[in-house]
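Report on the structure given below.
The values are calculated or read from the model by the stated rules, or taken from the named source; none is laboratory data. Quick caveat: nothing in here was measured; it's all calculated off a predicted structure. Please note: Cβ atoms are built from the backbone with ideal geometry, for glycine as well, and neighbour counts cover all protein chains shown.
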Amino acid sequence: MAPTVLIVDDDAAVRRTTAKFLAADGFAVAEAENGEAALAYLQSGSPANVILLDLRMPVMDGWTFRREQRRIPEFAAIPVIVLSGADVPRFFELDVAATFQKPASLIDLRLCVRRLCENPGTASVQP
């Protein structure tokens, strides 16, 4: 079964483009337009091997999502890659596997996702 990447971003074009690129490389992709939708997806029992997370979104932003994700034991171990153009100096506060500033190289992003799927316990992955 292909690893699943959950893309959490309020920009539909970013989700669509990233999803197409990752799907072409053999990943299964799920999309959520904000943190609340992403939590609902995970709580439904749907899979996610890696989460790509934007930070500034309506309803529930990436900061709040990350706090909630870390609080729920069954979701806390899912590696997170921040993909955002906002709050770049504060990325380190999120304690995530990797960070990319928008616009990011999809090739570097794909490589990072692949590494995390192959080695989910990796503390930090550099693109």
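Name, by its number, the condition in (1) assigned to a strand (DSSP E or B); (2) hydrophobic (A, V, I, L, M, F, W, C); (3) in contact with a Ser or Thr (Cβ under 7 Å, 6 or more places away or on another chain) that does not hold for Leu83.
Status for Leu83: all satisfied but (3).
Show the residue pairs that are 6+ apart or on different chains and have beta-carbon atoms under 7 Å apart, the first residue being within region 74-91 and within 17 Å of Val14 (Cβ to Cβ), the second being of a type in the set (Asp, Glu).
Hits for this filter: Leu83/Asp54; Ser84/Asp54.
Mind telling me which of the residues Ala19, Ala37 ends up being more than 18 Å from Leu106 (Cα to Cα), modelled with pLDDT of 95 or more and surrounded by fewer than 23 Cβ atoms within 10 Å (Cβ to Cβ)?
Ala37
Output the number of residues of region 67-80 satisfying the condition of being surrounded by fewer than 17 Cβ atoms within 10 Å (Cβ to Cβ) and either part of a loop (DSSP other than H, G, I, E, B) or of a type in the set (A, V, I, L, M) (or both).
Counting residues in region 67-80 that are surrounded by fewer than 17 Cβ atoms within 10 Å (Cβ to Cβ) and either part of a loop (DSSP other than H, G, I, E, B) or of a type in the set (A, V, I, L, M) (or both) gives 3.
May I ask you to verify whether Asp95 is modelled with pLDDT under 95, charged (D, E, K, R), surrounded by fewer than 18 Cβ atoms within 10 Å (Cβ to Cβ) and on the phi > 0 side of the Ramachandran plot?
Working: modelled with pLDDT under 95: yes; charged (D, E, K, R): yes; surrounded by fewer than 18 Cβ atoms within 10 Å (Cβ to Cβ): yes; on the phi > 0 side of the Ramachandran plot: yes.
So Asp95 fits the description; yes.
Could you tell me whether any residue of region 58-69 is of a type outside the set (Val, Ile, Thr) and farther than 22 Å from Asp10 by Cβ?
Initially, region 58-69 is screened for residues of a type outside the set (Val, Ile, Thr), giving 58, 60-63, 65-69.
In the following step, the residues that additionally are farther than 22 Å from Asp10 by Cβ were identified as none.
No, that holds for no residue.
Which numbered condition in (1) in contact with a Cys (Cβ under 9 Å, 6 or more places away or on another chain); (2) closer than 17 Å to Ala19 by Cβ; (3) not aromatic (Phe, Trp, Tyr) is the only one that Ala98 fails?
Result: Ala98 fails condition (2) only.
State yes or no: is Asp108 on the phi > 0 side of the Ramachandran plot, without any contact (Cβ under 8 Å) to a residue 60 or more places away in the chain and of a type in the set (Asp, Glu)?
Numbers: on the phi > 0 side of the Ramachandran plot: no; without any contact (Cβ under 8 Å) to a residue 60 or more places away in the chain: yes; of a type in the set (Asp, Glu): yes.
The answer is no for Asp108.
Return the residue satisfying two criteria in turn: it lies in region 25-34 and is in contact with a Lys or Arg (Cβ under 9 Å, 6 or more places away or on another chain) and modelled with pLDDT of 95 or more, and of such residues it is surrounded by the most Cβ atoms within 10 Å (Cβ to Cβ). Give the steps one after another, and end with the answer.
Step one: list which residues in region 25-34 are in contact with a Lys or Arg (Cβ under 9 Å, 6 or more places away or on another chain), which gives 25, 27, 29, 31-33.
Of the ones still in play, those that are also modelled with pLDDT of 95 or more are 27, 29, 31-33.
Details: Phe27: 19, Val29: 19, Glu31: 19, Ala32: 25, Glu33: 18.
By that ranking, first place goes to Ala32.
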